[in-house]
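The next block holds one structure in the form of structure tokens; read it before the comments.
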Amino acid sequence: MQSTDQTFKGLYHWNPFDAALLIPYFAVMILLAIYGVHRYTLCYLYFKYRKNYDPNPPRHFDELPFVTVQLPIFNEQFVIDRLLEAVCAMEYPREKLQIQVLDDSTDETQAVAAGLVDRYAAMGHPIVYIHRTNRYGFKAGALDAGLKVAKGELVAIFDADFVPRPTGS
């Protein structure tokens, strides 16, 4: 009588080709399983906390907050005029607004931006020009330098190629 452990002996032999197929297959299957668990967790959290969702958030302030608008630029001479014109045209009380032009430029943008800031400041806009010679941190460093002198409760950051609408809608 033949032993049961000898029945399938010699039928299959593990080889490198099988390993090359099965190891990536199981790795992908494990990643998909983790992704699936993550998705189920998100669904669970959604159903658990959906009663906390308010579809009608408050749409007004009792008193408007002071807002600082930061405009980081670097060698963007040809878009700075359009940007400043759009930001200065925003419908927000000037006494509750601070506009910072944060310039790290190394070309003629410095003179153009400084001149535009002087022109808008003369028209009564609350705008300041901040130029750094040390470009540490690049635009993020310029934003950090501006935050150190910012007065606003809220901070809006607009890149040089973004043109905000006057009404904010």
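Probe radius 1.4 Å, ligands and nucleic acids left out: which of MET90, MET123 has the largest accessible area, and how do the rest follow? Walk me through the numbers on the way to the answer.
Details: MET90 40, MET123 100 Å².
Descending order: MET123, MET90.
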Completion exercise
Given the candidates VAL117, ILE80, PRO93, the one whose Cα lies deepest towards the positive end of the charge dipole of the chain, counting +1 at each Lys or Arg C-beta and -1 at each Asp or Glu C-beta, is PRO93
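Whole number please: convex hull volume per residue of the Cα set in the range 90-140, in Å³?
Details: hull volume 4.4 nm³, N = 51.
Expressed per residue, the convex hull around the Cα atoms of the range 90-140 is 87 Å³.
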Exercise for the section: Return the aspartates and glutamates within reach of LYS9: Cα separation strictly under 19 angstrom, same-chain partners fewer than 8 residues apart disregarded; answer none if there are no such residues. Expected result: ASP18
Exercise for the section: Report the label-to-label distance for GLU153 and PHE138 in nanometres (one decimal), using points 7 Å from each Cα along the Cα→Cβ vector. Expected result: 3.4 nm
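Treating the beta-carbon of each Lys and Arg as +1 and of each Asp and Glu as -1, no other charges, what is the dipole magnitude of the range 85-169 about its Cα centre, to the nearest 20 debye? Don't jump to the answer; show the numbers that get you there.
Values: 9 positive and 12 negative charges, 55 e Å.
It works out to roughly 260 debye.
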Handout entry: Segment PHE26-ARG50, extension gain: residue separation times 0.36 nm, minus the distance between their alpha carbons
Key = 5.1 nm
Problem - ILE99 long-range amide H proximity, modeled H, under 5 Å - result: VAL69, ILE127, VAL128
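With a cap of 14 neighbouring Cβ atoms within 10 Å, and only residues DSSP puts in a loop, list the trypsin sites (Lys or Arg not before Pro) found in the range 24-61. Before the final figure, lay out the partial values.
On the way: sites: ARG39, LYS48, ARG50, LYS51, ARG59; in loops: ARG59.
Within the range 24-61, the qualifying trypsin sites (Lys or Arg not before Pro) (loop, at most 14 other Cβ atoms within 10 Å) are ARG59.
Which length gain, in nm to one decimal place, applies between ALA122 and GLN77 when the Cα-Cα distance is subtracted from 0.36 nm times their residue separation? Before the final figure, lay out the partial values.
Values: separation 45, 0.36 × 45 = 16.20 nm, distance 2.06 nm.
The span from ALA122 to GLN77 would gain 14.1 nm if fully extended.
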Problem - Helix-derived mean residue ellipticity, 222 nm - over the chain, DSSP H n ≥ 4, -39500 (n - 2.57), to 500 - result: -13500 deg cm²/dmol
Exercise for the section: Give me the lysines in straight-line cross-link reach of LYS148: C-alpha distance below 21 Å, same-chain residues under 8 apart excluded. Expected result: LYS96, LYS139
Practice task
State the Kirkwood hydrodynamic radius of the range 10-100 in Å, one decimal place, computed from all pairs of distinct Cα atoms.
Solution key: 20.4 Å
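For the range 61-149, state which GluC sites (Glu not before Pro) are in a DSSP loop and have at most 11 other beta carbons lying within 10 Å of their beta carbon. Write down the numbers at each step before the final one.
Values: sites: GLU63, GLU76, GLU85, GLU91, GLU95, GLU108; in loops: GLU63, GLU76, GLU91, GLU108.
Answer by residue number: GLU63, GLU91, GLU108.
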Completion exercise
Length-normalised contact order of the range 34-168, Cα under 8 Å, at least 6 apart, in percent, tallies to 36 percent
Completion exercise
Expected vector for the range 105-122, Karplus 3J(HN,Hα) from phi with 6.51, -1.76, 1.60 and θ = phi - 60°, integer Hz, x for Gly and Pro, equals 5, 10, 10, 6, 4, 4, 5, 5, 5, 4, x, 5, 5, 4, 5, 6, 5, 5
Fill in the blank from the handout: Applied in sequence order to the range 10-25, the curve 6.51 cos²θ - 1.76 cosθ + 1.60 (Karplus, θ = phi - 60°) yields integer Hz couplings, x standing for Gly and Pro, of x, 6, 9, 10, 5, 9, x, 5, 4, 5, 5, 8, 6, 5, x, 4
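Restrict the search to the range 29-127; then list the chymotrypsin sites (Phe, Trp or Tyr not before Pro) that DSSP places in a loop and that have at most 11 other Cβ atoms within 10 Å of their Cβ.
Working: sites: TYR35, TYR40, TYR44, TYR46, PHE47, TYR49, TYR53, PHE61, PHE66, PHE74, PHE78, TYR120; in loops: TYR53, PHE61, PHE66, PHE74, PHE78.
Sparse-neighbourhood loop chymotrypsin sites (Phe, Trp or Tyr not before Pro): TYR53, PHE61, PHE78.
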Practice task
Report the label-to-label distance for LEU42 and TYR92 in nanometres (one decimal), using points 7 Å from each Cα along the Cα→Cβ vector.
Solution key: 3.2 nm
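Highest mean first, how do 124-131, 17-24, 146-153 rank when packing is the count of other Cβ atoms within 10 Å averaged over residues?
On the way: 124-131: 16.8, 17-24: 10.0, 146-153: 14.1.
Order by mean packing, descending: 124-131, 146-153, 17-24.
The values are calculated or read from the model by the stated rules, or taken from the named source; none is laboratory data. Because the structure is a prediction, the values reported are computed rather than measured. For neighbour counting, all protein chains shown are included, and Cβ atoms are generated from backbone atoms with ideal geometry for every residue, glycine included. Just so you know, the surface numbers come from the protein's heavy atoms only, side chains and all, with ligands and any DNA or RNA stripped out. Shrake-Rupley method; radii C 1.70, N 1.55, O 1.52, S 1.80 Å.
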